[in-house]
Amino acid sequence: NGYHTCGSNDTLASAHPSDSRKGHDMTTSSVSPVTTELAGSETGITLVIHAGAGSRGKHSTPERIAQVELDLQRALDAGYQLLESGAPAHEAVVAAIHVMEDAPEFNAGRGAALTSDGIAQMDACLMTGDGEVGAVTGVSTVKNPIDAARAVKEQTKHVLFADPTDAEIADWGVATESNEYFITEPARRQSLAEAQSGGDEWEKHGTIGAVARDAEGNIAAGTSTGGITNQMHGRVGDSPLPGCGTFANQSTVAVSCTGIGEAFIKVVAAHQVSDRVRFSGENVEDAATATLDEVAAHHGDGGMIVLPAVGRGVVAYNSEMMNFGYRSAQGGKVQG
């Protein structure tokens, strides 16, 4: 299944009574209204994560839902523990994403969706509020793609590597696995077969991401994805593109997006949220909502997590549902 779900049908039926999307045959009017929820505290350490937004997969089970919730909580615990110890925001982002990349329930790292030629082809991006950023696209052997993105950011003078060589990956000190490691049988091959026989699975996208604010007030964002089931080889979505699926600016916000990447690219979604906060003076909730409305105008759905350097964060989505979690001194929550 290209997207993994969590939560109850009853909850979402009441939240989205008019949702009638079917697959990729969507129009602007068929995208759900934007749902938002404030996350974290006004100041102090805060961590917000997501594990994709989309529709419920037909292979969803109570057991899988329970596992998704457990993995989300483990990711929150891993990142927040670092924030409590005084670690910088990007360390917490990487730690949370590590857990989700290693969990086969999510479409990133192990469990990534398969391309049309049957391989896992992954993207990731890490950006800090000072504007420093690193990203990779098309990696197929990096155990944790977010590590490769971090290596690009910290060890090279470049921003984005497309399909880095084995030698480059080894020089960065990033762990690798064979491509078979990422392919969770039989779920991913079943999803690919279904997509190839019955049309694209646009409605099931499970990108993961995290945004964090540390004790010093610095913010960071990271995103990791296996793309879309049955995507063409070489396709690049919004996740590794700074300003599209991932963005951080210390004077505004840190953002990580998930959804139909093409629509998020067209509206430069993550950067648009920052610009709305910076130039229009919009609050994060209004900025996220307006940007997702722009995404919907390009026949796209999905969601985003947004965290300012000062103020509460927000979870926003215009899809049927979204897996997310957050934690701060005021407490936390996990929802799918």
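Measuring nothing but how far apart in sequence close Cα pairs (under 8 Å, 6+ apart) lie, relative to its length, region 249-336 scores a relative contact order of 29 percent. Sequentially through region 109-114, phi angles give Karplus couplings (6.51, -1.76, 1.60; θ = phi - 60°) of x, 5, x, 4, 5, 9 Hz, Gly and Pro residues having no value and appearing as x.
Applying the Karplus relation 6.51 cos²θ - 1.76 cosθ + 1.60 with θ = phi - 60° to region 86-101 yields 3J(HN,Hα) values of x, 5, x, 4, 5, 5, 5, 4, 4, 4, 5, 5, 3, 4, 6, 5 Hz, where x marks Gly and Pro. Accessible-area rank, largest first, for Lys266, Lys143: Lys266, Lys143, with all protein chains present and a 1.4 angstrom probe. A crude spin-label estimate for the pair Asp166 and Ser280, with each label 7 Å from Cα along the Cβ direction, gives 4.9 nm.
Placing a label point 7 Å from the Cα of Thr61 along the Cα-to-Cβ direction, the residues of region 86-110 whose backbone N falls under 14 Å from that point are 105.
Just need the Rg to Rh number for region 253-323, please, alpha carbons only, Kirkwood Rh. Reported Rg/Rh (Cα atoms, Kirkwood Rh): 0.93.
Rounded to the nearest Hz, the phi-derived 3J(HN,Hα) couplings of region 210-224 under the Karplus curve 6.51 cos²θ - 1.76 cosθ + 1.60 (θ = phi - 60°) are 8, 10, 9, 10, 9, 5, 8, x, 7, 10, 7, 9, x, 9, 9, where x marks glycine and proline. Spin-label model, Val310/Ser251: points 7 Å from Cα along the beta carbon direction are separated by 1.5 nm. Counting only DSSP beta bridges whose two residues both lie in region 119-172, roughly 60 percent are antiparallel. Hull volume per residue, based on the alpha-carbon atoms of region 41-158 and their convex hull, is 135 Å³.
The values are calculated or read from the model by the stated rules, or taken from the named source; none is laboratory data. For clarity, every value in this text was computed on a predicted model and none was experimentally measured. Glycine also receives a Cβ, built like all others from the backbone with ideal geometry; neighbour counts cover every protein chain displayed. Just the protein is used for accessible areas: all its heavy atoms, side chains included, with ligands, DNA and RNA removed. Shrake-Rupley method; radii C 1.70, N 1.55, O 1.52, S 1.80 Å.
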